[in-house]
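So the structure is just underneath, and the comments pick up after that.
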Amino acid sequence: MNQTKTITSSFILICLAITLFIVGSLLAADPLWLAGRFGVEAGKAYAEALQYKHSYKAYAKSNDTVDAPLLENKNVPVLLYHSIIPKDDGYNVTVDVFKDHVFSLKQAGYETITARQLRDFLKDGTPLPPHPVLITFDDGSKTSFYPVDPMFQALGFKGTNFIISKYSTGTEGAGSFYLSEDELRYAKSTGRWEILSHGHDAHELDTPFMGGSNHFLSQRQFLELEGRFENENDFSMRVLRDFTHSKDALAQALSADMFGYAFPFGDFGQNNSEYPENEKLILDAVARSYDIVFHQARWKHPEPFLYDNRMYMVPRIVVHTEWGGDELLQAMTNYMASGVTSIPVGETGEE
């Protein structure tokens with residue numbers, strides 16, 4: 001009897017796996033090998049998306065609608081997340097909290113945009129939806145994609161993932177934590193994900209500096225063979241190499257234009273009192289590689305601005321782990337209402 005039950009259960013699981021594979025392969029985009037490899041994942045995401053659609057309908061019925069404010073200036077809210085995890089670790093947002101966030105955004109009337117759309121809006125005045133929001137994730141962990149993608153599918157949302165090329169491309173790429181090249185291609189193929197750069201070595205806090213370690217980008221490295229610190233040219237060339245290395249590695253892996261970058265730790269030299277000139281050197285270097293860059297230093301540059309007529313600097317709202325949907329909406333409203341001259345949606349003003 002038990003053997004019969006075991007055979008029946010195994011048969012059901014096999015049928016379910018085959019169904020998920022077939023459905024997922026139909027949902028996944030070309031090329032065929034990609035659809036085949038991620039067919040089951042696409043099927044699972046589709047099944048979870050159906051559940052989230054049902055959950056959102058129940059949420060919408062039981063929660064009052066909070067209308068999003070109209071965009072009247074250049075302060076498009078850009079949200080920053082990292083991993084989306086099952087249990088609170090004090091740093092990353094949990095799955096339940098993130099679900100509350102995106103459900104709140106959907107019910108308030110927000111529409112997700114891409115970094116490309118934001119760049120085109122800032123640069124050329126290309127119109128945006130009346131209630132835009134850009135949802136970004138840093139580092140390219142698997143937990144920034146797999147728990148999120150079914151929610152995005154259910155709600156018709158999109159996101160931008162800033163990838164550390166060192167951990168997701170080439171021979172060093174892949175592993176248990178970061179998305180591999182194939183996973184990035186799969187994410188991109190869904191049409192729900194935009195992939196941009198988050199540096200190559202720029203996260204390495206153990207990069208040697210005299211007297212200890214510090215952020216790769218903002219500090220001058222000690223050149224042991226020469227017995228001196230980097231001069232301005234050494235520093236500029238080192239950070240420029242990292243910007244271009246990450247851009248080229250991701251562009252080659254994904255056959256995509258890497259026009260955008262997010263500063264690791266939000267650090268572009270703005271806090272370096274020993275070398276205050278590093279900020280300009282960093283911004284000059286990154287402007288040679290990217291059209292739009294993102295940071296978290298809203299106290300330093302609280303609104304988007306055009307740097308040296310070449311590159312847009314855009315702040316992001318760091319989402320707190322304890323925020324519910326209401327707190328998130330309020331933070332976005334506060335940011336949208338702050339300090340820049342109002343302009344009609346879809347038009348540029350003087351920089």
Worksheet entry | Scan of the range 147-173 for residues that are touching a strand residue (DSSP E or B) at 6+ places or on another chain (Cβ under 9 Å), assigned to a loop (DSSP other than H, G, I, E, B) and not charged (D, E, K, R), ordered by number | Pro147, Val148, Gly156, Phe157, Ile164, Thr169
Discussion item. Suppose we filter the range 180-190 for residues that are among the hydrophobic types (A, V, I, L, M, F, W, C) and more than 21 Å from Ala154 (Cβ to Cβ); how many remain?
Written reply: 1
Worksheet entry | Given (1) part of a loop (DSSP other than H, G, I, E, B); (2) hydrophobic (A, V, I, L, M, F, W, C); (3) modelled with pLDDT of 95 or more, index of the condition Phe216 fails | (3)
Practice prompt. Working carefully through the options Phe243, Phe235, find the one that is part of a helix (DSSP H, G or I), surrounded by 18 or more Cβ atoms within 10 Å (Cβ to Cβ) and in contact with a His (Cβ under 9 Å, 6 or more places away or on another chain).
Written response: Phe243
Fill in: Top-ranked residue of the range 258-291 - restricted to ones that are in contact (Cβ under 8 Å) with a residue 12 or more places away in the chain, of a type in the set (Gly, Ala, Ser) and more than 16 Å from Arg241 (Cβ to Cβ), ranked as surrounded by the most Cβ atoms within 10 Å (Cβ to Cβ)
Ala262
Item to complete: Determine whether the range 34-57 contains at least one residue that is closer than 19 Å to Asp326 by Cβ, modelled with pLDDT of 95 or more and assigned to a helix (DSSP H, G or I).
Response: yes
Worksheet item: For the range 61-85, what are the residues that are part of a loop (DSSP other than H, G, I, E, B), in contact with an Asp or Glu (Cβ under 8 Å, 6 or more places away or on another chain) and either of a type in the set (Phe, Trp, Tyr) or under 23 Å from Met151 (Cα atoms) (or both)?
Response: Val66, His82, Ser83
Discussion item. Name the single residue that is farthest from Tyr186 (Cα to Cα) among those in the range 246-277 being assigned to a helix (DSSP H, G or I) and touching a helix residue (DSSP H, G or I) at 6+ places or on another chain (Cβ under 7 Å).
Written reply: Ser246
Worksheet item: If you take the residues of the range 127-146 that are out of contact with any helix residue (DSSP H, G or I) (no Cβ under 8 Å at 6 or more places or on another chain) and assigned to a helix (DSSP H, G or I), which of them is surrounded by the fewest Cβ atoms within 10 Å (Cβ to Cβ)?
Response: Thr143
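The values are calculated or read from the model by the stated rules, or taken from the named source; none is laboratory data. Computed from a predicted structure; not experimentally measured. Cβ coordinates were reconstructed from backbone atoms using ideal geometry, including for glycine residues, and neighbour counts include every protein chain displayed.
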